[in-house]
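Encoded as structure tokens, the structure appears first; notes follow it.
Since every read-out is calculated from the coordinates, none of them should be taken as a lab result. Computed from a predicted model, the values in this text were never measured in an experiment. All Cβ positions, glycine included, derive from the backbone under ideal geometry; neighbour counts span all protein chains shown.
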Amino acid sequence: MTGGNGNGGGNGVPEGDGGSDDEDLLIEQVAGAYRPVSRDELRYHPAWHDLGPDARERAFERARALRALEAALDPDGLSTTARAVLDRITGRR
């Protein structure tokens, strides 16, 4: 990890802990807010199934930190995930 606070690059987002480049890429994909659109079911990011238990934990921690950053930057205090859910509920998507 880099940065003086032990949380990655000083931005609150945990960095990789020495996993392979392929695993780090999968973690980034899983931690991001993008999910393939489904009309009637909850879907995990496809990369989730390619991660082992430790990498899934790292992806969860990264996603949690990213959602907090997104909410802090949003004028309404919403993460991209919250915006996507509201858009689906209100039919704007």
What ranking do 76-88, 54-66 get when scored by the average of other Cβ atoms within 10 Å per residue, highest first?
54-66, 76-88
Using C-alpha positions alone, give me the convex hull volume of the range 21-90 per residue in cubic angstrom.
84 Å³
